[in-house]
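Below is one structure; the comments refer to it alone.
The values are calculated or read from the model by the stated rules, or taken from the named source; none is laboratory data. The structure presented is a predicted model; accordingly, all values stated were derived computationally and were not measured. Positions of Cβ are backbone-derived with ideal geometry, glycine not excepted, and every protein chain shown enters the neighbour counts.
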Amino acid sequence: MAEPAPASVPAVPASVLDATLASVLAVGVRRTTLTDVARRAGVSRMTLYRMVPDVQTLIMAMLTREFGRLLDDAERAAARRRSARAKLVTSAIEIVRRLPDEPVFRRVIDVDPELLLPYLTDRFGSTQHLAIAHVRDLLVEGMRDRSVRRADADVLATTLVLATTPFAVSAQAVAPSGREAIMTELERMIDSWLAP
C-alpha cells in the first residue's frame, strides 16, 4: 500500500514558479538558488523567504505544478473514452509518452540525474503521490463502472505507477523508431492487467 502523501507544497505565485522553472532550465536543479529565482521573478529574496523555507521547497512546488499540467493534458486526451479503464490506459500512456520530452524532466536527466535516484529507490516524491492519487481515482471509477477488476485501489495505483516509471525514465535508451511499438505493448499490458 502507498505510504501517506507528504504535506502539500505551499501556494506560490505563478510568476515565481515560472522564474523557478526558467532557472532550472538554465542552470539545473543543484545550481538554482533563491537569489537567482528572486532576480528572475523581480522580487526580493526576503519576499521568497516569506513564501518558502528553502529553494528545494520552491523547486518541488514548480515540479508539482508542471506534473499537474501534464496530468491535466492526459485527462483531456482521455476524456472521450467511454470506460474508466479506457480513460486510465489512455492517460497513463499519454504521460509515459510525453514525460521524457518535458523540458524540466530532460534538464534533470541531462544535468542532475542523481537527484532522481532516491525517488526511484527509497521514497515517493510529491509528483509520484500526485500520480498515484490520479490513478487511484480512475481505478475506483472503473470498479464502479465494472471496467476494472475488483482489488485494493491503493495497491493497484501504486503498482501501476511503479510499473510505468521505467518506461518514462529509460525512454532515451530506445531508438525513436521503436518507441511507438513499445507504447502499444505497454498499453496492451495495462489494459489486460486491469480488465475484470
* **Filter result for SER147 (assigned to a loop (DSSP other than H, G, I, E, B), under 26 Å from MET189 (Cα atoms), more than 11 Å from the chain's Cα centre (by Cα) and small (Gly, Ala, Ser))** => yes
* To do: Restrict the check to segment 20-33 and report whether at least one residue is crowded, with 19+ Cβ neighbours inside 10 Å, over 18 Å from the mean Cα position of the chain (by Cα) and in a loop (DSSP other than H, G, I, E, B).
  => yes
* Would you check if there is a residue in segment 175-194 being surrounded by 14 or more Cβ atoms within 10 Å (Cβ to Cβ) and at pLDDT below 90? => yes
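Quick one: which helices (runs of 4 or more DSSP H) sit completely within segment 35-140 and have at least 3 residues that are surrounded by 14 or more Cβ atoms within 10 Å (Cβ to Cβ), within 20 Å of the chain's Cα centre (by Cα) and among the β-branched types (Val, Ile, Thr)? Spell out how you get there, then give the answer.
Numbers: elements: 45-51, 55-78, 84-98, 103-111, 117-121.
Hits in segment 35-140: 55-78, 84-98, 103-111.
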* Kindly list the number of the only condition in (1) within 28 Å of SER192 (Cβ to Cβ); (2) among the β-branched types (Val, Ile, Thr); (3) modelled with pLDDT of 90 or more that fails for THR127. => (3)
* **Cross-chain or 6+ apart pairs with Cβ under 9 Å, segment 173-196 first and more than 15 Å from GLY142 (Cβ to Cβ), then outside any helix (DSSP H, G or I)** => ILE182/VAL174
